[in-house]
Amino acid sequence: ILVTLVFFLVMSYVAFFHHLYFSGQEQDGIYYLLNGREIINGNSKNIDQLGAPMGGPILYAFLENLFGDAFSSYKAISIISGTSIVFITYFITRNIFGTKIALFSQILVAINVKLQFLTISALNELVPISLIAFSFFFMTKKELNFSRLTMIGLLLGLSFMFRYQSIFIFIGFIIFLLIRDKKIRL
């Protein structure tokens, strides 16, 4: 919890006190926001969203309407998503290896510069990655029952609403289930 808390506080400070406006790397976020505004206003026929479904743009435009500030909403979602990735990394690794390696892997994820950059940026990348990480938590459990399989499917489906790349995780998990478990295969 301490590693997660430190990550959250440091990234929140950097995001809200040093990263004050959309930069050139965040064109994707602006594009999604403009598309989301058009969808909410009822002009969805004119929108061609390449590379991502409409879940992200609608969420970001809704949050802009709710809070009035799109940039801060984007950053808040990125900070929450990045922090949840750091948090759940411990439990994923603990399910596989143990507590000492889990703490080490959590620290490695927390000091990853790419994750830190995405956490302070107003981009559409971390929400689907955090949903995939939460689905990995359920995948690494020793026993997979129907409720855990349902949670995995829901989390990957929500991730698919933001980015199409989660379909590859889903296909790999289906192959893993077919190889691993005879009951599920039947």
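The values are calculated or read from the model by the stated rules, or taken from the named source; none is laboratory data. Nothing here was measured: the structure is a model prediction, and the numbers come from that model. Glycine gets a Cβ as well: all are built from the backbone with ideal geometry, and neighbour counts include every protein chain shown. The area values use the complete protein model at the heavy-atom level, side chains included, leaving out ligands, DNA and RNA. Shrake-Rupley method; radii C 1.70, N 1.55, O 1.52, S 1.80 Å.
Of all accessible surface on region 104-186 at a 1.4 Å probe, what whole percent is carbon and sulfur?
That share works out to 75 percent.
Over the chain, give the accessible area per residue in Å² for a 1.4 Å probe, as an integer. Don't skip to the answer; put the middle values down first.
Details: 10870 Å² over 186 residues.
Roughly 58 Å² per residue, with all protein chains present.
Using 0.36 nm per residue, how much length does the chain from K100 to I174 gain when fully extended, once their Cα-Cα distance is taken away?
23.6 nm
Tally Lys/Arg at +1 and Asp/Glu at -1 over every other residue whose Cβ is under 12 Å from the Cβ of I132; what's the total?
Summing Lys/Arg as +1 and Asp/Glu as -1 gives 0.
Rounded to the nearest Å, what's the spacing between the alpha carbon centres of region 42-106 and region 119-145? Just the number, please.
When both Cα centres are located, 9 Å separates them.
Rounded to the nearest 500, what is the chain's calculated 222 nm mean residue ellipticity when only DSSP H runs of at least 4 contribute -39500 (n - 2.57) each, over all residues?
So the helix-based figure for the chain works out to -24000 deg cm²/dmol.
Report the equivalent ellipsoid semi-axes for region 42-175 in whole Å, largest first, defined as the square roots of five times the eigenvalues of the gyration tensor built from alpha carbon atoms.
Values: eigenvalues 159, 79, 26 Å².
For region 42-175, the ellipsoid semi-axes come out as 28, 20, 11 Å.
With point charges of +1 on the Cβ of Lys and Arg and -1 on the Cβ of Asp and Glu, referenced to the Cα centre of region 1-147, which listed residue (Y60, N95, F137) lies farthest in the positive direction of the dipole?
Positive-end residue among those listed: N95.
Local charge sum around A76 (other residues, Cβ-Cβ under 13 Å, Lys/Arg +1, Asp/Glu -1)?
Net of charged neighbours comes to -1.
Let me confirm the definition first: pairs of Lys residues in the chain, 8 or more apart or on different chains, C-alpha distance under 19 Å. How many are there?
7
Quick one: dipole size for region 1-138, taken about the Cα centre, charges +1 on Lys/Arg Cβ and -1 on Asp/Glu Cβ, in debye to the nearest 20.
460 debye
Taking the Cβ of K141 as the centre, find all other residues whose Cβ is under 12 Å away and add up their charges (Lys, Arg: +1; Asp, Glu: -1).
Working: positive: R94, K142, R148; negative: E143.
Once all neighbours under 12 Å are counted, the net charge is +2.
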